[in-house]
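Below is one structure, written out as structure tokens, with a few remarks after it.
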Amino acid sequence: MANAASGMAVRDECKLKFLELKTKRNYRFIIFKIENQEVVVEKLGSPEETYDDFSAAIPANECRYAVFDFDFTTDENCQKSKIFFIAWSPDTSKVRNKMVYASSKDRFKRELDGIQVELQATDPSEMSFDIIKARAF
Amino acid sequence: MYGGDEVSAIVIDLGSHTCKAGYAGEDAPKAVFPSVVGCTDEMDVDDTTSTEKNSGSAGESKSNAKTLDSDKGKGKRKLYVGSQALGFRRDNMEVLSPIKDGVVVDWDMVDSIWDHAFRECLLIDPQEHPMLLAEPSSNSQQQREKTAEIMFEKYKVPALFLAKNAVLTSFASGRATSLVVDSGGGSTTVAPVHDGYVFQKAVVSSPVGGDFLTDCLLKSLESKGIKIMPRYSFKRKEIRPGEFQIVELDFPNTTESYKLYSQRVIASDIKECVCRAPDTPYDESAYSNIPMTPYELPDGQTIEIGADRFKIPDVLFNPSLVQTIPGMESFTETARSVQGLPHMVIESINKCDVDIRRELFSSILLAGGTASMQQLKERLEKDLLEESPQAARVKVLASGNATERRFSVWIGGSILASLGSFQQMWFSKSEFEEHGASYIQRKCP
């Protein structure tokens, strides 16, 4: 347990949807938010949706957690995918909002088994598609 | 588990320079006062203003906390806390700090500071409020247990939590992973935080903080023949409308430490008003023609500050500059072993795992009073860009809001302690009674 953790609970739905994303691959992304002292699922993205749809689904001025399943082809023409965990904490959001998300992140991340790459972003440039691509390889 | 949601917690951040105290959930601390203590040895003087309050706490600490008695070998002392009590000059009063190099050396004084915060500033009964205390990142096990003992046994608090200040700063800026550069009064500490954990082994600190810069400024001004008269040492009379006369007063029994404290109060205000970090390393010749900035001292004389505006803050980046300040020779030795801020940052990052270095470079957080200095952020970013590895994307962040920057630790604690979900995390009194003080290591890792 990290020092100064918030003790925020995680609703089971979060884990179940994440498992579906990981094993059945029937979602492209999941966006989580903290509501009434627990982490809940806010939005689900179908597999056809793109990274742009995902970016658009994240609010500009509020913190969120998100999981994105990124498909790509390697130089050897290999089909691969990586699961990204993104902690979105825009500079423009309120201190309280930032504090709640940052202090709950460690606990929440532990619930999601199978994250391959982790990002923390405070402005849109830090989670641009280029950065996602760069981190995937 | 502590179940009292209705009673708000108290948050205290006892820094080396100032103590910040207030209610959890608020935006800024209610009370901010110096964390130095005035101390007189005698018993005989009957001081009416603060006798009641201090004899009260002293008597209580005698009877309640036996552990404190060991510190009392120096005979009975009277302690004065708070800007008001310290602003009043007393014969033979020494001004002492309970904290040396980030470690508490005098628990009696810390106790008196807490007491002052509870009873004089916040007017609360500590028995009714959970306490969240911010602690230095490299606090020792002993210190934490001692803190728990005093809090539970003397103040009988219902619940306690110790949060690391670097973690609070990091969280308050929305990051679970970051490099926190905390430049406070007594020291500057660089601490990497990863997922809410401080990497103890990679913490780098130096004694060059705001107080050190204040001393440099004081000496430098003295060497130029400017005498800063402490507020107590003169009276300012209006002899004709708009015309003042200064009458010097003589108090032979004033201690050196009190005089220095009073001068520092003025010098640190000068520093905050006129100083700014230079854009490039300080160079004597380039700054010799810099325009002077006026500052009016409390005694009415106006002084002009030129190159020192830039030279003093540059000591943070290049401590060896101290050698060129007359009167600071005694620190030359210290200065040699101390690194400048950019090097501290790089050293700290290099002590961390390769995998997270990139992330640390891109989230360097500035916190603390000295970090609010103008242009400091820009200068640090520039220096780091020059010295960091090519691939690193350097980003230095500081809250645009001056209050948030100065009190980031306290604000982080305030939000955390007010979260409904946090209430299960407290180290409660019953747990203390069952498992003892060492359980704090488990509850607040």
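Evaluated against (1) without any contact (Cβ under 8 Å) to a residue 24 or more places away in the chain; (2) away from chain A (no Cβ under 14 Å); (3) buried (at least 20 other Cβ atoms within 10 Å of the Cβ), residue B:383 falls short on exactly one condition, (1).
Residues considered: B:103, B:95. Of these, the only one that is of a type in the set (A, V, I, L, M, F, W, C) and surrounded by 17 or more Cβ atoms within 10 Å (Cβ to Cβ) is B:95. Just to be sure, is residue B:405 within 14 Å of chain A (Cβ to nearest Cβ) and outside any helix (DSSP H, G or I)? When the stated conditions are applied, residue B:405 does not pass them. Filtered by the rule that a residue be at the interface with another protein chain (Cβ under 8 Å from one of its Cβ atoms), under 13 Å from the mean Cα position of the chain (by Cα) and of a type in the set (A, V, I, L, M), segment A:85-101 gives a lone residue, A:87.
Tell me the residue from A:81, A:104, A:93 that is part of a helix (DSSP H, G or I) and among the polar types (S, T, N, Q), please. The match here is A:104. So for segment B:166-173 (the condition being away from every other protein chain (no Cβ under 11 Å) and within 20 Å of residue B:103 (Cβ to Cβ)), does at least one residue qualify? Scanning segment B:166-173, I find no residue that is away from every other protein chain (no Cβ under 11 Å) and within 20 Å of residue B:103 (Cβ to Cβ), so the answer is no.
Would segment B:175-196 turn up any residue that is in contact (Cβ under 8 Å) with a residue 60 or more places away in the chain, buried (at least 21 other Cβ atoms within 10 Å of the Cβ), within 14 Å of chain A (Cβ to nearest Cβ) and in contact with a His (Cβ under 7 Å, 6 or more places away or on another chain)? Yes, that holds for at least one residue.
Among residues that are of a type in the set (A, V, I, L, M, F, W, C), more than 14 Å from every other protein chain (Cβ to nearest Cβ), in contact with a Leu (Cβ under 9 Å, 6 or more places away or on another chain) and in contact (Cβ under 8 Å) with a residue 60 or more places away in the chain, residue A:31 is not included.
Return yes when residue B:398 is surrounded by fewer than 19 Cβ atoms within 10 Å (Cβ to Cβ) and either of a type in the set (Lys, Arg) or at pLDDT below 90 (or both) and no when it is not. Criteria not met by residue B:398. Within segment B:414-445, the only residue that satisfies the criterion of being within 8 Å of another protein chain (Cβ to nearest Cβ), under 23 Å from residue B:140 (Cβ atoms) and in a helix (DSSP H, G or I) is B:416. Can you confirm whether segment A:102-122 contains a residue that is aliphatic (A, V, I, L, M) and within 8 Å of another protein chain (Cβ to nearest Cβ)? Checked against the condition, which is being aliphatic (A, V, I, L, M) and within 8 Å of another protein chain (Cβ to nearest Cβ), segment A:102-122 yields at least one hit.
Only one entry in B:402, B:417 is within 24 Å of residue B:182 (Cβ to Cβ) and out of contact with any Gly (no Cβ under 8 Å at 6 or more places or on another chain), namely B:402. The sole residue among B:320, B:337, B:362 that is within 14 Å of another protein chain (Cβ to nearest Cβ) and more than 20 Å from residue B:221 (Cβ to Cβ) is B:362. Selection of segment A:9-62 for residues being surrounded by 12 or more Cβ atoms within 10 Å (Cβ to Cβ), under 19 Å from residue A:102 (Cβ atoms) and of a type in the set (S, T, N, Q) yields only A:37.
The values are calculated or read from the model by the stated rules, or taken from the named source; none is laboratory data. If you're wondering where the values come from, they're calculated on a predicted model, not measured in any experiment. FYI the Cβ positions are ideal-geometry reconstructions off the backbone, even for glycines, and counts take in every protein chain you see.
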